[in-house]
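The values are calculated or read from the model by the stated rules, or taken from the named source; none is laboratory data. Computed from a predicted model, the values in this text were never measured in an experiment. Note that we place each Cβ from the backbone using ideal geometry, even for glycine, and neighbour counts take in every protein chain shown. Side chains included, ligands, DNA and RNA excluded: accessible areas come from the protein's heavy atoms. Shrake-Rupley method; radii C 1.70, N 1.55, O 1.52, S 1.80 Å.
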Amino acid sequence: MAFFVQKYGGTSVGSTERIKNVARRAAKFRAAGHDLVIVVSAMSGETNRLISLAKEIQPDPDPRELDVILSTGEQVSIALLAMALHGLGIKAKSYTGSQVSITTDNAHTKARILKIDEDRIRADLAAGYVIIVAGFQGRDEAGNITTLGRGGSDTTAVALAAALGADECQIYTDVNGIYTTDPRVVPEARRLETITFEEMLEMASLGSKVLQIRSVEFAGKYKVKLRVLSSFEEDGEGTLITFEENQNMEQPIISGIAFNRDESKITIVGVPDHPGIAYQILGPVADANIDVDMIIQNVGHDGTTDFSFTVNRNEYANTMKILEEQILPHIGAREVIGGNRIAKVSVIGVGMRSHAGIASKMFRVLAEEGINIQMIATSEIKVSVVVDEKYMELAVRVLHKAFELDQAK
């Protein structure tokens, strides 16, 4: 017997029939004697529908009220799943994030979990209930409803698994594991049996949409065993996200290729080349809660330099406005230029630590296809490049083949 926290995404609970399938799967776990906490997302498409409703009323919705309406999507899912379990004769209780007492900060629409009061859940588990918790939401210390951002149900599940000491956190989704890259772009992509937390963290941060990055961070920090499985397959081991030190086999050099279309690049031309200029540029951007990704500062000539960085495409217009209105006049740069038709492609693998030449091979493969590299960033286990968006899929395909990711190791 074991204790599992299971998370089911929007497609897994996208209809009443699929919700009944989740209930039948949960019934099998209960029949085997396992304790279960189930975290569910809103039914597929529901969150987008609620956002559209809000924007019909207020084009730029108030963040607090937006959280109030968005949290209702998961409330529908948890109640329907509890009813489905009751129909199978299984004791079940549903809870919203506020009822469980998932306490977050007050950053509406992208809140972070601060603490979880697990006493109520433990008591209900001891009484033989399957507990169903609304993902993606909580409340701040003032009692306001908050949401955790896109994919936040993953973070809810991992945080509950950490707080409750679950044996494993199982993320059920519409894919049967983590792949070497997106199979929709490269049909030859392979499912990985295992991947390290480090690699998964890089893949999540660099564009892989299977898991929210904060859920991976949480799992790594609190040593939560994390497994990605398909909710549409009865059997299958999925992909176990684990720790490098727990594996005896040598890691492959490259484990996967991630990509992200949601990128925009901004360059400030003619920036005075003196200490502190990077802070003067990026400080106000950070104050606006905008995440900056890749940064390049060119070698200075005649006392000036060019400063380039990337932000999420959704933040492009706001960032340009901040630079033009607040920063450009203050620092005395010549102009701000930018574009939001770029993409980032990254090769990732812990084996890069002990193998030289990965970056040069990547650059050579792209050069042979005539793909120009606009920016480069590296770490111990990844190399990322920014390319024109129209070349992104070609870049992913040729790199996947060049690093032999289509071949079983």
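Ligands, DNA and RNA are left out, and with a 1.4 angstrom probe the accessible area of the range 230-366 is 51 Å² per residue. Neighbours of D291 by Cβ distance under 11 Å: Lys/Arg scored +1, Asp/Glu scored -1, total -1. A Cβ-based charge dipole, computed about the Cα centre of the chain with Lys and Arg at +1 and Asp and Glu at -1, lands at about 1040 debye.
Sorting 265-275, 357-367 by their mean Cβ neighbour count within 10 Å, with the most densely packed peptide first, gives 265-275, 357-367. Both radii were evaluated on the Cα set of the range 145-292; the Rg over Rh quotient, with Rh as the Kirkwood radius, amounts to 1.06. The number of Lys pairs in the range 31-144 with C-alpha atoms less than 27 Å apart, excluding pairs fewer than 8 positions apart on the same chain, is 4. Looking at the range 56-137, the pairs of alpha carbons with a distance over 16 Å make up 58% of the total.
Computed with the Debye formula from one identical point scatterer per Cα of the range 122-214, without solvent, the log10 of I(q)/I(0) at q = 0.17, 0.23 Å⁻¹ comes to -0.89, -1.29. Extending 7 Å from the Cα toward the beta-carbon at both R334 and N312 defines two label points whose distance is 3.3 nm. Against the main long axis of the alpha-carbon atoms of the chain, helix 46-57 sits at an angle near 60°. Accessible surface of the chain, 1.4 Å probe: 49 percent of it comes from carbon and sulfur atoms.
Once the Cα-Cα distance is subtracted from the 0.36 nm per residue extended length, the I295 to D174 segment shows a gain of 40.1 nm. On a per residue basis, the range 30-183 carries 41 Å² of accessible surface, using protein heavy atoms and a 1.4 Å probe.
The Cα-based radius of gyration of the chain, divided by its Kirkwood radius, gives an Rg/Rh of 1.00.
Here the chain carries DSSP beta bridges of which approximately 60% are antiparallel, counting only pairs with both residues inside.
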